[in-house]
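Some notes on the structure that comes next.
The values are calculated or read from the model by the stated rules, or taken from the named source; none is laboratory data. Just so it is clear, the model here is predicted, and its values are computed rather than measured. Here Cβ is always computed from backbone atoms with ideal geometry, including for glycine, and neighbour counts include all displayed protein chains. Keep in mind that these areas ignore ligands, DNA and RNA; they rest on the heavy atoms of the full protein, side chains included. Shrake-Rupley method; radii C 1.70, N 1.55, O 1.52, S 1.80 Å.
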Amino acid sequence: MKRGVVAAVVGALLLAGAVFAWNAVRQEREFRRLIAAGDTAITRDQTYEAIEAFSGALALKHDSMLAYLKRGDSYRRRGELSAALRDLREASSLDPTATRPLELLGDVNAAMGRYVDATEAYRRYLALDDRAPHILYKLALAYYRNGQPTLAMEPLRRAMALDDRLAEVHYLLALCLKDQKHLPEAMRSLTRALDINPALGAAREELADLELARGKTREGIQQLEALAALEPSRPQRLVNVGLAYARAGESDTAITTLGRAADRYPEAAVVYVALGRVWLSSAQAHNSDRVALNKALQALEPAAARANASSDTLTLYGRALLLSGRIEASERVLQQATSVLPVEPIAFFYLSGAAERRGHVSAARDALVKYLRLIDDDDQKALLSGHVADLTSRMNKGR
């Protein structure tokens, strides 16, 4: 009898163990299936479905670092950054030796503008693996975006020592050097970045700006032309070439370049605004040349008529109208220019001139006062303050 009871108990225990083991196997299989389903959803950019799958996996394994990591990354991809932070912190706490959660924590904090937290996460990564140039770059970028270019220099140089073929590292180093006024060194870093990756548009644009600022007009324009060739879908690139020629005093070449841009991008308002700007400058330089002035008006009128016309565009058109003697229309357009944000400060100056020519002394004075409040040029303020006083006197006499 006792043997039978013992046998029954042993059999029951064996059965219970077998059931438990079988359930554990089934649970593990289901966990892996959900993880695989989530990974598949991610490859298809189905982030909601991925989150559902990884959440199911976590329901089976509450302490899975992998599931928290993958769900946190899915939240990051969806732009749900607070939820991403929650999961990634949990993943990192479950396995403090894992580097991937730390990298994503840095990335999410950086995306949220929390650069101090981002640098902390990247430094924790580097404490585990200090030979990761892409993390050194991310750390430097977080420092730079936090307004600390000096701190960014050391991780950038460490990254270059590990891998000198990272164009983005040389580009960021150039930005840091530029902020510290080390312009020749910055230009060398930009040149190195472009040697590695000639299609790195941001570096080429920065180099063009530095070349032009240092008076190397031909070199700067060559960089802008290369940028226009690299990005043929962006009309602004070719416009920048034309405007650079104009600033260099080569108006004919500027107009030819912008005319080519108009042929290539007939619907781009930015091209016609640039053409209007150059023709207007030419008209002013040649005693209100009527041909140049008419061309400026033809280029600017349709751009100024757009519902989304900027203050700068309206100011240019108002100036052209003022120069052509259409004072009433000029005043109306310049009033509109001063009401569009962001306001072009010079619009108030020309509005003052148009209003004064129409006998609107009070409006002329108000516009000039607003202009003086918006500029930092002390010499111009001193020069124009006398005219404000004169307009004030005329207002008082008229009362």
Is it the case that the range 282-305 has a residue that's modelled with pLDDT under 95, under 27 Å from LEU383 (Cα atoms) and of a type in the set (Ser, Thr, Tyr)? yes
For the range 277-293, check the following and say yes or no: at least one residue is surrounded by 15 or more Cβ atoms within 10 Å (Cβ to Cβ), in a helix (DSSP H, G or I) and basic (Lys, Arg). yes
For the range 46-80, how many residues meet the condition of being in a helix (DSSP H, G or I), farther than 20 Å from ASP95 by Cβ and of a type outside the set (Lys, Arg)? 8
Check off (1) at pLDDT 95 or above; (2) farther than 25 Å from ASP289 by Cα; (3) among the small types (Gly, Ala, Ser) for ALA382 and give me the number that stays unchecked. (1)
Pairs please, first residue from the range 214-243 and acidic (Asp, Glu), second anywhere and open to solvent by less than 80 Å² (accessible area, probe 1.4 Å) and assigned to a helix (DSSP H, G or I), Cβ atoms under 8 Å, 6+ apart in sequence or on different chains. GLU219/GLU211; GLU225/VAL241; GLU231/GLY201; GLU231/ARG237
Flagged in the range 236-260 as within 19 Å of ALA202 (Cα to Cα) and open to solvent by 30 Å² or more (accessible area, probe 1.4 Å), in numbering order, are GLN236, ASN240, LEU243
Quick one: count up the residues across the range 117-151 that are surrounded by fewer than 17 Cβ atoms within 10 Å (Cβ to Cβ), over 17 Å from the mean Cα position of the chain (by Cα) and of a type in the set (Gly, Ala, Ser). 1
Does VAL273 satisfy the criteria of being in contact (Cβ under 8 Å) with a residue 40 or more places away in the chain, β-branched (Val, Ile, Thr) and either open to solvent by 10 Å² or more (accessible area, probe 1.4 Å) or touching a helix residue (DSSP H, G or I) at 6+ places or on another chain (Cβ under 7 Å) (or both)? yes
List the number of the failed condition for GLU206; all other conditions in (1) within 18 Å of the chain's Cα centre (by Cα); (2) modelled with pLDDT under 95 hold. (2)
Residues (among the aliphatic types (A, V, I, L, M) and either open to solvent by less than 40 Å² (accessible area, probe 1.4 Å) or under 25 Å from the mean Cα position of the chain (by Cα) (or both)) located in the range 38-84: ALA41, ILE42, ALA50, ILE51, ALA53, ALA57, LEU58, ALA67, LEU69, LEU81, ALA83, ALA84
Counting only residues that are part of a loop (DSSP other than H, G, I, E, B), within 20 Å of LEU126 (Cα to Cα) and free of Cβ contacts under 8 Å to residues at least 24 places away in the same chain, how many does the range 139-177 have? 2
If we scan the range 107-116, do we find a residue that is within 28 Å of PRO155 (Cα to Cα), open to solvent by 50 Å² or more (accessible area, probe 1.4 Å), hydrophobic (A, V, I, L, M, F, W, C) and outside any helix (DSSP H, G or I)? yes
Among the numbered conditions (1) under 30 Å from TYR144 (Cα atoms); (2) open to solvent by 70 Å² or more (accessible area, probe 1.4 Å); (3) out of contact with any Gly (no Cβ under 9 Å at 6 or more places or on another chain), tell me where GLY220 comes up short. (2)
Considering only residues that are assigned to a helix (DSSP H, G or I) and either in contact with a Cys (Cβ under 7 Å, 6 or more places away or on another chain) or surrounded by fewer than 17 Cβ atoms within 10 Å (Cβ to Cβ) (or both), which ones fall in the range 223-232? ALA229, LEU230
Which is at pLDDT 95 or above, surrounded by 21 or more Cβ atoms within 10 Å (Cβ to Cβ), over 14 Å from GLY276 (Cα atoms) and of a type in the set (A, V, I, L, M), of LEU316, LEU334? LEU334
Does LEU173 fit the bill of being under 29 Å from ALA228 (Cα atoms), open to solvent by 20 Å² or more (accessible area, probe 1.4 Å) and of a type in the set (A, V, I, L, M)? no
Quickly run through the range 178-214 and pick out the residues that are open to solvent by 10 Å² or more (accessible area, probe 1.4 Å), of a type outside the set (D, E, K, R), closer than 20 Å to LEU136 by Cβ and in a helix (DSSP H, G or I). SER189, ILE196, ALA202
